[in-house]
Amino acid sequence: MSNLLSNSASGTLGLLTDTEGGAARALQELERVYAGVVARNAGEIEFHQAVREVLFSLVPVVIRHPEILDAKVFERLCEPERQIIFRVPWQDDKGEVHINRGFRVEFNSSLGPYKGGLRFHPSLYLGIVKFLGFEQIFKNALTGMPIGGGKGGSDFNPKGRSDNEVMRFCQSFMTELYRHLGEYTDVPAGDIGVGGREIGYLFGQYKRISNRYESGVLTGKGLLWGGAQVRKEATGYGLVFFVQEMLAARGGSMDGQTVVVSGSGNVAIYAIEKAQQLGANVIACSDSNGYIVDEAGINLDVVKQIKEVDRLRLTAYVEHVPTARYVSDGSVWDVPCTVALPCATQNELDRSHAEALVRNGCKLVAEGANMPTTPDAIAFLQNAKVAFGPGKAANAGGVATSALEMQQNASRDSWTFEHSESRLSEIMTDIHSRCFQTAEKYGAPNNYVMGANIAGFEMVATAMMDLGLV
Ligand code: NDP
């Protein structure tokens, strides 16, 4: 069986250097695969979008390696190894019974146990879980760590629920999910709506029903019970380390940049923290109701207090910092900046937002969230020569640090904050180089989307072919 990695490394390859016939055939085959995915997964529009974005950046790989078509690698990649959907009954504080739906999509385990977060959000359905799980396969490969791809969650809305209600929900959720998990099988973490509190309740219930203190079964744990330093900060910090590399590749740095961040959750908060530490002025962030602009620089202590401790809305910021503005209509992307970091949710930055960013002088967009930028917005930004860092590379620091947490759990070790942060920084530098060099090698310099998709795909496809038809 041929090895995509060694073969593709052996020479310059690219759509531009290949015959038109080869490109046409590759495109035709990918169109066929994509049509099959749409037909088999009706209505799952986010999943279609994620698959489309990956498939059509792989044309140069298909030209060079037609054997992956015969081995049906694309069809296998687009079909999860296992999908679990289950009922989650729970009672609120008044005794009323609620029924939610739980999901876990175990997408691909060629490189290691399924790894990917759990999302609790009322909008969650199978199409979103599958888009996230699909993206996770390539992201996890890019980290260079031995982890496969998966994702899960529930349409449960934790907003406004008491700690006891969240605990009862998490216990019910884990009562079904635990049978599918294990440190060598499937290792969830957090995502939207699932932070340290939820991971604690989930781990507590797993421990109770399995009668095992199996630390490596979940990541994002508290430091006293098997968690790792820097995991909480990792996605946001990693994003900024990646941005630093992107800027350095263009002769710039974070120092002096004006930064706008969307969201004010886990990823956003720690992206702001690292950007500020590196000398940037972060002037705006948002939640799902509106955004704040603080030209003097966001006071992160206030944001942390509001979001992490008090669990309030961002409107509370202007009560603490009266010089700031709260805006409830319009978009955070209307705020002029040189660096934009979407860190909230999928498809939050569309073409009109991209136009506003370019008009206002933005030079770099990097995704902290998963798939926050719509395909036409990405095309617009790339045409306008805005450096664009896709989430599967730029936000991979979270899952990479989760893999470091698993490593510490397996060896009963715990590393210092400084050591963990320097490992994260090295990993993000490596991911950047991998994407940058792969894009160049495939005739698309500076195209991080192609670089990330191809580099991740090469690793996963090679492993899939090595492991046979499983
Ligand atoms: P959090 O729940 O901590 O924060 C989410 C933030 O995004 C909140 O400010 C929330 O506002 C906002 N938001 C959520 N949904 C919407 C929406 N539909 N419209 C507008 N704003 C919205 O989640 P995370 O910070 O963990 O995750 C953010 C993104 O980063 C997600 O795309 C996630 O998949 C991705 N990601 C997270 C990783 C992690 O380690 N946590 C790792 C890699 C990617 P509000 O409170 O008003 O809902």
Margin query: Every residue in the stretch 83-119 that is open to solvent by 20 Å² or more (accessible area, probe 1.4 Å), touching a Ser or Thr at 6+ places or on another chain (Cβ under 6 Å) and either within 16 Å of the ligand (Cβ to nearest atom) or within 30 Å of V33 (Cα to Cα) (or both), please.
Written below: P113
Next item on the list: Look through the stretch 175-194, keep the residues that are under 15 Å from M406 (Cβ atoms) and more than 7 Å from the ligand (Cβ to nearest atom), and return whichever of them is most open to solvent (accessible area, probe 1.4 Å).
Entry: Y184
Notebook entry, point to check: Which residues, taken from the stretch 258-293, are assigned to a strand (DSSP E or B), away from the ligand (no atom under 15 Å from the Cβ) and among the hydrophobic types (A, V, I, L, M, F, W, C)?
Noted result: V259, I283, V293
Note to self: within 30 Å of G251 (Cβ to Cβ), touching a residue at least 12 places away in the same chain (Cβ under 8 Å) and within 16 Å of the ligand (Cβ to nearest atom): is that true of A387 in this structure?
What the structure shows: no
Next item on the list: Taking T143 as meeting all but one of (1) under 19 Å from L404 (Cβ atoms); (2) touching a Ser or Thr at 6+ places or on another chain (Cβ under 8 Å), write down the number of the exception.
Entry: (2)
Check: Is one or more of the residues making up the stretch 236-244 over 27 Å from G222 (Cα atoms) and either in a strand (DSSP E or B) or assigned by TED's automatic domain parsing to the domain that holds R325 (or both)?
Finding: yes
Check: Residues in the stretch 294-304 that are away from the ligand (no atom under 15 Å from the Cβ) and in a helix (DSSP H, G or I): how many?
Finding: 1
Margin query: Going through P80, P122 one at a time, which residue ends up being within 16 Å of the ligand (Cβ to nearest atom) and in a loop (DSSP other than H, G, I, E, B)?
Written below: P122
Item checked: Residue, surrounded by the most Cβ atoms within 10 Å (Cβ to Cβ), within the stretch 428-470, restricted to residues that are farther than 13 Å from A394 by Cα and of a type in the set (V, I, T) -> I454
Margin query: Go through the stretch 140-159 and report how many residues are open to solvent by 10 Å² or more (accessible area, probe 1.4 Å) and within 11 Å of the ligand (Cβ to nearest atom).
Written below: 3
Item checked: Odd one out for Q229, checked against (1) within 16 Å of the ligand (Cβ to nearest atom); (2) outside any loop (DSSP other than H, G, I, E, B) -> (2)
Next item on the list: Just need a number here: residues in the stretch 307-348 that are within 12 Å of the ligand (Cβ to nearest atom) and in contact with a Phe, Trp or Tyr (Cβ under 6 Å, 6 or more places away or on another chain).
Entry: 2
Next item on the list: Return a yes/no flag: does the stretch 338-352 have any residue that is over 25 Å from I431 (Cα atoms), open to solvent by 70 Å² or more (accessible area, probe 1.4 Å), part of a loop (DSSP other than H, G, I, E, B) and in the same structural domain as N266 (by TED's automatic domain parsing).
Entry: no
Notebook entry, point to check: Quick check: is even one residue across the stretch 360-368 open to solvent by 20 Å² or more (accessible area, probe 1.4 Å) and within 12 Å of the ligand (Cβ to nearest atom)?
Noted result: no
Check: In the stretch 366-468, which helices (runs of 4 or more DSSP H) lie fully inside it and hold 3 or more residues that are within 19 Å of the chain's Cα centre (by Cα), of a type in the set (A, V, I, L, M, F, W, C) and modelled with pLDDT of 95 or more?
Finding: 397-410, 417-441, 448-466
Checklist line | Count - residues of the stretch 56-97 that are touching a residue at least 60 places away in the same chain (Cβ under 8 Å), over 20 Å from V460 (Cα atoms) and in contact with a strand residue (DSSP E or B) (Cβ under 9 Å, 6 or more places away or on another chain) | finding: 8
Margin query: Being of a type in the set (D, E) and either at pLDDT below 95 or surrounded by 16 or more Cβ atoms within 10 Å (Cβ to Cβ) (or both) narrows it down to one residue among D301, D294; which is it?
Written below: D294
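The values are calculated or read from the model by the stated rules, or taken from the named source; none is laboratory data. Note that this is a predicted model, so its numbers are computed, not measured. All Cβ positions, even for glycine, are placed from backbone atoms using ideal geometry, and neighbour counts span all protein chains on display. In case anyone asks, the SASA skips ligands and DNA or RNA and just uses the protein heavy atoms, side chains included. Shrake-Rupley method; radii C 1.70, N 1.55, O 1.52, S 1.80 Å.
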